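The values are calculated or read from the model by the stated rules, or taken from the named source; none is laboratory data. Being a predicted model, the structure only gives us computed values, none of them experimental. As a convention, Cβ positions derive from the backbone with ideal geometry for all residues, glycine included, and neighbour counts pool all protein chains shown. Please note that ligands, DNA and RNA were not included when accessible areas were found on the heavy atoms of the full protein model with its side chains. Shrake-Rupley method; radii C 1.70, N 1.55, O 1.52, S 1.80 Å.
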Amino acid sequence: MKRVFLIVLDSVGVGAAPDAARFGDAGSNTLGTCRKTGKLKVPNLEKLGLFSLDGMESQKEERAAEGCFARMTEKSNGKDTTTGHWEIAGLISEKPMPVYPHGFPDGIIKAFEEQTHRGTLCNLPYSGTEVIKAYGQEHIRTGKLIVYTSADSVFQIAAHEEVVPLKELYEDCRIARKLLSGEHAVGRVIARPFVGSYPDFTRTVNRHDFSLLPPQETVLDEIQKAGMETIGVGKIYDIFAGKGISRTFANEGNDKNMERVFELQKEDFTGLCFVNLVDFDMIYGHRNNIEGYTAALNAFDVQLGRFLAQMHQEDLLLITADHGCDPGYPGTDHTREYTPCLCYGKALKKGVDLHTRESFADIAATVAEALGISHTGAGKSFYQEIR
């Protein structure tokens, strides 16, 4: 294969993982919740085998899938963006990243305030949309930064763009990133800028993630060492702290990110185009918006049809997810779920059922073998089964 397009549908889980109860997520099913609306119309994903995965026997389609398909199990000890993407790239995180259900320690907050020269508000787990409703007015009045977390390993800083310029907010995040090391090394520090007036504050696309540097090489590094390109679209650069990424295009939302992918389809590159579509998670999953989540899947499916029509003979498409975020499940946090892996290429076999895989890392091993390079990370390639 010459080009691999790896698209992560952020949070599109396909049913509770075997250890979901340990994470408080027994019975979660992101895709199942969307199907129950009766409004899910995804003929292209269906064609690639989405409804032929293990665990969907009673719902398998009558016609044979044109893609190859697998249900993926996360091996890492977590259910967040960082661990999910790192595992997809061949790096399994055995130790969970720290979380702060009662807020961050006083020492961290004090040091952060001293170095940013701003006070802080909140310091509790909170929904991102609710926290700006609750603290937005006080933030505007005082200039204090809204610091909050979630069930994930994140330190989030919300600020109005007219109160704290983006350049300053990003620098504040870099300060937090340096402070949060050792036992407090959270997976991500996230800038959460917003605009508007109370009660109609809205978050902007100027979000920026400051992630931990991956502790060892991933398939991205291996591809680069082989002299090939690694192109990140959306949050990919942020998730890997830039490590192993040769070219990047910042997140602009699902639609614009896919438009960027269509442009890249026209380029004659050799290597990997790694894409994250975060709207499913950020806009719909965390806000318990079932109808919106379903509509977003339908919209992606239309774009997928366009992508398939433009594929080259030596292209490989892989569609997967990094965790679940069931919009119909109690709470607003990620859910520990299986994820799909749908594979398609003009030179590949059709309808191969790869069943349930032991790790997301099988994708990294498969990408490496498809590109003809060696892989030293985790995972077992299924390329020979589909070529």
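Among the residues of segment 43-51, are any open to solvent by 20 Å² or more (accessible area, probe 1.4 Å), over 25 Å from residue 210 (Cβ atoms) and in contact (Cβ under 8 Å) with a residue 24 or more places away in the chain? Lay out the reasoning, then the answer.
Restricting attention to segment 43-51, the residues satisfying the condition of being open to solvent by 20 Å² or more (accessible area, probe 1.4 Å) are 43-44, 46-47.
Then keep just the ones that are over 25 Å from residue 210 (Cβ atoms); that gives 43-44, 46-47.
Now narrow it down to the ones that are in contact (Cβ under 8 Å) with a residue 24 or more places away in the chain: 43-44.
Yes.
Scan segment 80-97 for residues that are open to solvent by 20 Å² or more (accessible area, probe 1.4 Å) and at pLDDT 95 or above and jot them down. Quick ask: steps written out before the conclusion?
Initially, segment 80-97 is screened for residues open to solvent by 20 Å² or more (accessible area, probe 1.4 Å), giving 92, 94-97.
Residue satisfying the conditions is 92 alone.
Whether any residue in segment 285-305 is open to solvent by less than 20 Å² (accessible area, probe 1.4 Å), in contact with a Ser or Thr (Cβ under 6 Å, 6 or more places away or on another chain), in contact (Cβ under 8 Å) with a residue 12 or more places away in the chain and of a type outside the set (Val, Ile, Thr) is what I want to check. Full working, then the answer.
First, pick out the residues of segment 285-305 that are open to solvent by less than 20 Å² (accessible area, probe 1.4 Å): 285, 292-294, 296-297, 300-301, 304.
From what's left, in contact with a Ser or Thr (Cβ under 6 Å, 6 or more places away or on another chain): 285, 294.
If we keep only those that are in contact (Cβ under 8 Å) with a residue 12 or more places away in the chain as well, we get 285, 294.
If we keep only those that are of a type outside the set (Val, Ile, Thr) as well, we get 285.
Yes, because at least one residue in segment 285-305 is open to solvent by less than 20 Å² (accessible area, probe 1.4 Å), in contact with a Ser or Thr (Cβ under 6 Å, 6 or more places away or on another chain), in contact (Cβ under 8 Å) with a residue 12 or more places away in the chain and of a type outside the set (Val, Ile, Thr).
If the Cβ limit is 7 Å and pairs must be 6+ apart or interchain, which residue in segment 192-206 that is within 11 Å of residue 159 (Cα to Cα) pairs with which residue that is assigned to a loop (DSSP other than H, G, I, E, B) and polar (S, T, N, Q)?
Partner pairs satisfying both residue conditions: 193/204; 193/206; 194/204; 195/204.
Quick one: what pairs do we get from segment 240-264, first residue open to solvent by 10 Å² or more (accessible area, probe 1.4 Å), second among the aromatic types (Phe, Trp, Tyr), C-beta under 6 Å, 6+ apart or different chains?
Taking only residues 6 or more apart or on different chains, the pairs are 245/237; 248/237; 260/249.
Of the residues that sit in segment 161-188 and are open to solvent by less than 10 Å² (accessible area, probe 1.4 Å) and modelled with pLDDT of 95 or more, which one is nearest to residue 105 (Cα to Cα)?
180
Here are some conditions: (1) open to solvent by 10 Å² or more (accessible area, probe 1.4 Å); (2) closer than 30 Å to residue 150 by Cβ. Residue 364 meets all but one. Which one does it not meet?
(1)
Of all residues in segment 134-152 being more than 24 Å from residue 80 (Cβ to Cβ) and in contact (Cβ under 8 Å) with a residue 12 or more places away in the chain, which is most open to solvent (accessible area, probe 1.4 Å)? Steps first, answer last, please.
Of segment 134-152, the ones more than 24 Å from residue 80 (Cβ to Cβ) are 136-144.
The next check asks that each one be in contact (Cβ under 8 Å) with a residue 12 or more places away in the chain; those that pass are 136-140, 142-144.
Details: 136: 0, 137: 103, 138: 69, 139: 0, 140: 77, 142: 57, 143: 11, 144: 77 Å².
So, considering only residues that are more than 24 Å from residue 80 (Cβ to Cβ) and in contact (Cβ under 8 Å) with a residue 12 or more places away in the chain, the one most open to solvent (accessible area, probe 1.4 Å) is 137.
Would you be able to tell me the number of residues in segment 1-31 that are under 28 Å from residue 259 (Cα atoms) and either in a loop (DSSP other than H, G, I, E, B) or out of contact with any Gly (no Cβ under 6 Å at 6 or more places or on another chain) (or both)?
Just the residues of segment 1-31 that are under 28 Å from residue 259 (Cα atoms), to begin with: 1-14, 30-31.
Add one more test, that the residue is either in a loop (DSSP other than H, G, I, E, B) or out of contact with any Gly (no Cβ under 6 Å at 6 or more places or on another chain) (or both), and what stays is 1-14, 31.
Number of matching residues: 15.
Quick one: what pairs do we get from segment 107-124, first residue in a loop (DSSP other than H, G, I, E, B), second buried (at least 19 other Cβ atoms within 10 Å of the Cβ) and charged (D, E, K, R), C-beta under 7 Å, 6+ apart or different chains?
Matching pairs, first to second residue: 118/144; 119/144.
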